[in-house]
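S.K.: Mind looking over this structure? Questions follow.
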Amino acid sequence: MPPVAAGGPRILLRRLREVMAGQGSAQGRLDKLVTVIAANMVAEVCSIYLRRAGKVLELFATEGLNPEAVHRTRMTEGEGLVGLVIETGEAVNLSNAPDHPRFSYRPETGEDPYHSFLGVPIVRGGQVFGVLTVQNRAARQYAEEEVEAMQTVAMVLAELVAQGTLFDVAELDEPELSADKPLQFKGEGLSDGVAVGTVVLHEPRVKVEKMIADDAEEELARLEDAIGALREAVDEMLSSSDLDLKGEGREIIEAYRAFAHDQGWRQRMRDAVRAGLTAEAAVERVQDDMRLRLSRASDPILRERAHDFDDLARRLLRHLAGSGHNAMQELPPATVLVARAMGPAELLDYGRDRLLALVLEEAASTSHVAIVAKAMGVPLVGSTNGVADAARPGDTIAVDGETGEVHLRPPPEIVFLFENKQALHIDRAAHFASVRDLPAVTKDGVRIKLLMNAGLMLDMPNLAASGADGIGLFRTELQFMVGETMPRMQDQMSFYRDVLDAAGDKPVVFRTLDLGGDKVLPYARWEREENPELGWRAIRIALDRPALLRIQVRAMLQAAAGRILRILLPMVSEVAEFNAARVLIDKEIERGRLLSQPLPKQVLVGAMLEVPALAFTLRQIMRSADFVSIGSNDLLSLVFAVDRTNPRVARRYDTLNPATLALIRLIVGSAREAGGTLSLCGEMAGHPLDAMALIGLGLRTLSMSPGQIGQVKMMIRSMNLAVVEKFVDKLCGRTDHSLRPQLAAFAAGQGIVIK
């Protein structure tokens, strides 16, 4: 049996176009569609299943099965082979379907004689809302070109359904919205700030009017021109003097540029055009498939990459439509952007002048768009399910980027409260600036060191601007991630020397390469791991590839000649691991002596406590380590077994859980007994209430984002440490999910500034 009828997918698409352009009822055209597909695929059965409200799959049309089963046969979303296609978002290709454990027999369809089965998802916007199937009596595996042809047809069918070409899309699984009802959403605050403004929906999607190509070569030429224009625009955006991004924000955009030049993405779109699609339809076909695959990946960096490719696909469609830049840059005053998802470059398109805030359904604290929003100073709330469907252009919206509250169409009293909150936030920012040069000393005279986190030279001006006492965490891997090749030893040395020169007399703690997990070098090959966060990363890579660590340490030693060099080893899980890395560092120091090279006047080597196991051997490691820094982000994720990038579970634990306080108290006590130096860097350090608890537990050095230092310093200067210590100590034995309410009430009663 031939895999696909003569003429291949191009002939099939042309026949489908004829059916779509014809007259007749919606059901009549659906019936003709399945007949044409069955004939072209040399299949005895072709069926279309679509989702109804309530997540029910309904047979909408068939050629070969009992026609009386149409609109009668219904299955729950996870039922049968059709449900399996919906569940996985991938094609299901079986030579003998009845033998599969997910096969669900429906006698009313009359499918008894058929053995082979091929089902492909009908996907649009990353959502699967239907399944296209073919079946044959003969038990055979469908060929790869048949699967490809079916996927192309399913993509065209998805667009027709969504545009209402075949029938009213409201008949399908669409949410019912109340047009005027005030709504409240509780999301995750990802970038601080308060705003009351007007909704502008982020809708850069270009409606694809024509799906099937008349001239494939002409479409290929259009696609190539658009890709070239897209790449030029992205390069121009990154090099623009108006783009004042620093640190991690700029690194994100550098990676985004690499995606725009990805050859695999380009080739898949070219293949789709050769199959018979227009350039626009090819972009959508490839992007729907990519979005579905990446969004279901377990690796958080792959899930985040889906948003970047979404952004690129939307931009490419605009270039194909002849409007390369986002047409919605002309914003009304006091704009609050609302969207399901957004790429970091799309946010930059809007600029900062009239943009008050951003509300996204899909975003986490590590999302690229969240990092860029923080760099721009734009308040952002993520994980607000349903807000993009509920919001209308021009609606009033109130946003709190700290608490994660969003009020859509709020009543006047809510608007009044948020406007007051907004005014207080502006006053508070001015007050923070006023204490920049004052010491972080409690009312009872205890000095707290407040350090900042950094990663690139662009971060260094923040050292003076924030009033930080030094750099408690310098992420050296960012220098490796923003380039196209591995930086040479000489480049590393120059970079570290520039950082130390910029810091002056203030200390800098260089963390050695923390690669792996969600940090992958663009020019290196990495084996896919089931759980990369617990896999081959950080110090484990350094010990397996000692040359990588030794060259980096060699560069640091030469850069810090005559100064104190502080080196921090990440992801240490046992004392033996730290000692093995320290041996490599000592070898480099000895090498420098033998070569009579200028060396630092002192080298301090510390361990980062991110793996819970190290907490139980802290006394032992402090015999070897000069200092220990608690990495609270990874430590608490591992302690609570929670993926912070997963919105479903990220809110299931609170950093101010009694277990957190008990663990920090244990670590502080062990460090004190060992006479060691201890600090903490992570998100906890930058939140005043969390920082108050940490200081109450005995920590005296905290490292955070530079923008958070002012508010933490104000909290410290308003607290009496002896009183805080007694209160926090009593909380450690409680069983509450979170101690945040008790700590907030205590702070209010004591007049401690936490907002």
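A short reminder: the numbers here are calculations on the coordinates, not readings from a lab. Note that the structure is a prediction, hence the values are computed from the model and not measured. Glycine gets a Cβ as well: all are built from the backbone with ideal geometry, and neighbour counts include every protein chain shown.
S.K.: Pop out the ³J(HN,Hα) list for region 347-354 in order, Karplus 6.51 cos²θ - 1.76 cosθ + 1.60 with θ = phi - 60°, rounded to Hz; leave Gly and Pro as x.
M.R.: For region 347-354, the Karplus-derived couplings read 4, 5, 4, 6, x, 10, 4, 10 Hz, x marking Gly and Pro.
S.K.: Amide H neighbours of ILE212 under 5 Å, at least 5 residues apart or on other chains, H built in the peptide plane: list them.
M.R.: Distant-sequence amide H within range of ILE212: THR278.
S.K.: Sketch the reach of a paramagnetic label on GLN263 as a point 7 Å from Cα along Cα-to-Cβ, and name the residues of region 270-292 whose backbone nitrogen lies under 17 Å away.
M.R.: The answer is 270-271, whose backbone nitrogens lie closer than 17 Å to the label point.
S.K.: Now a separate question. Quick one: Karplus J couplings for region 487-494, per residue in order, coefficients 6.51, -1.76, 1.60, θ = phi - 60°, nearest Hz, x for Gly and Pro?
M.R.: x, 6, 4, 5, 5, 4, 4, 4
S.K.: Amide H to amide H, which residues 5 or more places from SER705 or on other chains are under 5 Å from it, using H placed in the peptide plane?
M.R.: ASN453
S.K.: Sort TRP265, TRP536 so that the residue with the fewest other Cβ atoms within 10 Å of its own Cβ comes first and the one with the most comes last.
M.R.: Going from sparsest to densest Cβ surroundings: TRP536, TRP265.
S.K.: Right, next: Can you give the relative contact order of region 447-683 as a percent, counting alpha carbon pairs under 8 Å and 6+ residues apart?
M.R.: Averaging sequence separation for qualifying contacts and normalising by length gives 15 percent for region 447-683.
S.K.: In what sequence, highest mean first, do 491-503, 146-158 appear when ranked by Cβ atoms within 10 angstrom?
M.R.: Ranking the peptides 491-503, 146-158 by packing returns 146-158, 491-503.
S.K.: Could you work out the local net charge near PRO598, counting Lys and Arg as +1, Asp and Glu as -1, over the other residues with Cβ closer than 12 Å to its Cβ?
M.R.: Taking every other residue near PRO598 into account, the sum is +4.
S.K.: Place a point 7 Å from the Cα of HIS71 along the Cα-to-Cβ direction; which residues of region 85-121 have their backbone N under 20 Å from it?
M.R.: Of the residues in region 85-121, 108-110 have backbone N under 20 Å from the label point off HIS71.
S.K.: Roughly how many whole Å is it from the C-alpha centroid of region 648-693 to that of region 59-75?
M.R.: 59
S.K.: Which of the lysines could a cross-linker bridge to LYS449, judged by Cα under 28 Å and excluding same-chain residues fewer than eight apart?
M.R.: Within reach: LYS246, LYS374, LYS506, LYS601, LYS713, LYS726, LYS730, LYS755.
S.K.: What are the residues whose amide H is under 5 Å from the amide H of ASN657, where those residues sit 5 or more places off or on another chain and H is modelled from the backbone?
M.R.: LEU739
S.K.: With Cβ to Cβ distances under 9 Å as the rule, what net charge do the other residues near MET75 carry (K, R +1; D, E -1)?
M.R.: Taking every other residue near MET75 into account, the sum is -1.
S.K.: Say R0 is 22 Å: what FRET efficiency, to the nearest 0.05, do ALA745 and ASP654 get from their beta-carbon distance?
M.R.: After rounding to 0.05, the efficiency reads 0.90.
S.K.: Based only on other Cβ atoms within 10 Å, what is the fewest-to-most ordering of SER95, SER25, SER383?
M.R.: SER25, SER95, SER383
S.K.: Pop a pseudo-label 7 angstrom from the Cα along the beta-carbon direction at both LYS210 and ARG140 and give the gap in nm to one decimal.
M.R.: With each label placed 7 Å out from Cα toward Cβ, I get 3.6 nm.
S.K.: Determine, for ASP444, ASP690, the number of other Cβ atoms within 10 Å of each Cβ, and report the residues in order from fewest to most.
M.R.: Lowest to highest Cβ neighbour count: ASP444, ASP690.
S.K.: Turning to a different aspect of this structure: Which whole-Hz couplings ³J(HN,Hα) result when phi for each residue of region 685-693 is put into the Karplus expression 6.51 cos²θ - 1.76 cosθ + 1.60, θ = phi - 60°, listed in order with x for Gly and Pro?
M.R.: Each residue of region 685-693 in turn: 4, x, 9, x, 5, 4, 5, 4, 5 Hz.
S.K.: Hey, another quick one. Apply 1/(1 + (r/R0)^6) to the Cβ-Cβ distance of ARG102 and GLU18, taking R0 = 56 Å, and write down the FRET efficiency to the nearest 0.05.
M.R.: It comes out at approximately 0.95.
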